[in-house]
1. Report the charge-dipole magnitude of the protein assembly as shown in Debye, nearest 20, computed about the Cα centre from +1 at each Lys and Arg Cβ and -1 at each Asp and Glu Cβ.
2. What does the charge dipole of region B:239-310 about its Cα centre add up to, to the nearest 20 debye, if the Cβ of each Lys and Arg holds +1 and the Cβ of each Asp and Glu holds -1?
3. By a straight-distance test (C-alpha under 20 Å), which lysines pair with residue A:134 as possible cross-link partners, with residues fewer than eight away in the same chain excluded?
4. Going by amide H atoms built from the backbone, whose H comes under 5 Å of the H on residue A:80, apart from near neighbours?
5. In a shell of Cβ-Cβ distance under 13 Å around residue B:194, excluding residue B:194 itself, what net charge do Lys and Arg (+1) and Asp and Glu (-1) give?
6. Ranking B:339, A:159, B:278 by Cβ neighbours within 10 Å, fewest first, what do you get?
7. Can you list residues whose amide H is under 5 Å from residue B:258's amide H, if they're 5+ apart or on another chain and H is modeled 1.01 Å from N?
8. Counting other C-beta atoms within 10 Å, which of B:380, B:162 has the fewest, and how do the rest follow?
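Please treat every number below as a calculation from the coordinates, not as lab data. Model, not experiment: these values are computed from the prediction. FYI the Cβ positions are ideal-geometry reconstructions off the backbone, even for glycines, and counts take in every protein chain you see.
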Amino acid sequence: MAKPKVATTSLAGCFGCHMSLLDIDERILQLVELVDFDKSPINDIKKFTGRVDVGLIEGGCANEENVRVLQDFRTHCDVLISVGDCATMGGIPALRNMIPLKECLDEAYLNGPTVYNPAGKVPNDPEIPLLLNKVYPAHEVVKIDYFLPGCPPSADTIWEALVALLTDKPVDLPYELIKYD
Amino acid sequence: MVEATKKLKRIVIEPVTRVEGHGKVTILLDQDNNVQQARLHIVEFRGFERFIQGRPYWEVPVVVQRLCGICPVSHHLAAAKAMDRIVGGENLTPTAEKLRRLMHYGQTLQSHALHFFHLVSPDLLFGFDADVAIRNVIGVAAKFPDLAVQGVMLRKFGQEIIKATAGKKIHGTGAIPGGMNKNLSIAERDALLKDMAQMMDWARGALKVAKDYTLDNFDEIKGFGSFDSSHLSIRRDDGAMDLYDGKLCAIDSTGKTIFEGVDNQKYNDIIAEEVRNWSYMKFPFIKSIGPEDGWYRVGPLARVNTAKFIDTPEAEAARKEFMAVTDNKPNNVTMAYHWARMIELLHSMEKIQMLLNDPDLQGEDLVVKGERRGEAVGIIEAPRGTLFHHYKVNEDDQVTMCNLIVSTTSNNEPMNRAVQGVAQEYLSGKPEITEGLLNHVEVAIRAYDPCLSCATHAMGKMPLTIELYDADGNLLDSKAKE
């Protein structure tokens, strides 16, 4: 039987959840015995090669590109997991939700003490994706099947959840692994 | 500046992979398929500088590190260094400063190990145009299991050091304004020391892999995405490399000093950042030279170039070997970043060994405070280069201004030049684009170990699609990494 496939992406996150996944350390060698990786920033598979069993989503949606990628994951993955606080509830990037987007852009590109911007324009080239008015958690954009809280969830949390899913056992996380911070 | 018109063919690489963060490359070709323009666009924006306003200053070192999960310690410590000054506690106790240094060297070790083994080694071991199915860390684990295990364990050791000093491997809480919130217990120290000899050996091995690769392939790689540039870093007063603290200095491509001994608090006298329409990431430059030619490189290559020496013996021996290749002039070879990075990895390991054996780490005197200030700058050498944090805080303890120049931002122009150079050399005049050709562009970007998550203070990802249009705008060929 073919190994189950796992895909991962980082949307509006910091890659900390991917780093926490890598913090399973030597268990990575066990993981690759258990699964094959499809689309992920840790390899060069840029488009889904087919149906995937489990998709891990880091980060919420801050721009149109995030939304497109998340929808693509929902289309291709049987199970989607929101990994970490940003995917689950927007996280730190969602702090901008309380402030008009224009003020955030002006601060970064017009008002900062080291800014040199004689044209007085914020970046708006068609090559860079449009920002959303707010940062949205993943489940407000597509259906999400499981949530792993934490900033980031510990390596043990991600490992236990993944192994349970992949070996068809109920996800039974010890209390101390389930926490926000 | 070339405008994207229908008369030009447009190639897009999206997303760029095996880097941290989200970016894409666009390449414009004329009717004869000659490259007219090649750009790396950073496609994320977060707005940190604005939404941190109003938050209490003591919260900043914990919040702002969430710009980046790969080197959170760098942001944690740069912010803490600024907040030290806000509370008048910048003269840390020896225990606090050494604990922070230990955390920072642990961070540099884990980040450099991650980049070299997990992200870049597939290109170096299998070739730039190797089969995409094996050109990743899992392919490395299958073909070179010993090397892969060493990479994983070196990174783990760095992460364990961070956990021991900051409480958590990612987004910890160790540094507070004016000091640290805990010392290193004897038990924590001994748990780390027991693996020290093995880790030192593996660090030496990693350096050898990077050095041998560079020297064995030097003729081939010396021109790869390379160009002369200035180099900038902080440096200790006596000229030693110092990743945690020092004054700003910069040299030109021949090694001539542009400035040195610049107080961190005056960084904005010498550095400004140009905004360009087509990227969320700004373009820093040295003000005295101007926006056109004032750009510079940061990171391991810049630091090894600016350092007059390294104050640990094995890394210093390695630095001398490195500098001898270019007759003790600055090395401007983009692919030499990898060798320089592994010199720093070994340097970090030597520093870790010294610090773990220092009884000051079990000291009890952890925090100092003095006269309150309203404005402060904190600068640190993050794994990817010089990191600037600048804050103003009001009498109610709220942040009123925040300015961040993250390491990768300073390498924006250099990465774009590297992309342009490789596109000219490998794509110009070619009717068909192969996946392997695309990866050459990414190899040049990866040399800089960019972290695009934090470069835009936005959302993090850097995934690559290339589309080839003819001069009339018809799609000829399209390739995505798959």
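1. Values: 73 positive and 92 negative charges, 98 e Å.
That gives a dipole near 480 debye.
2. On the way: 9 positive and 10 negative charges, 28 e Å.
In total the dipole reaches around 140 debye.
3. A:102, A:143, B:461
4. Those qualifying (amide H under 5 Å, at least 5 residues apart or on another chain) are A:55, A:145, A:146.
5. Numbers: positive: B:189; negative: B:160, B:188, B:190, B:195.
That sum, taken over residues with Cβ under 13 Å, equals -3.
6. Working: B:339 25, A:159 21, B:278 17.
Listing B:339, A:159, B:278 from fewest to most nearby Cβ atoms yields B:278, A:159, B:339.
7. B:250, B:251, B:252
8. Numbers: B:380 29, B:162 26.
Fewest-to-most ranking of B:380, B:162: B:162, B:380.
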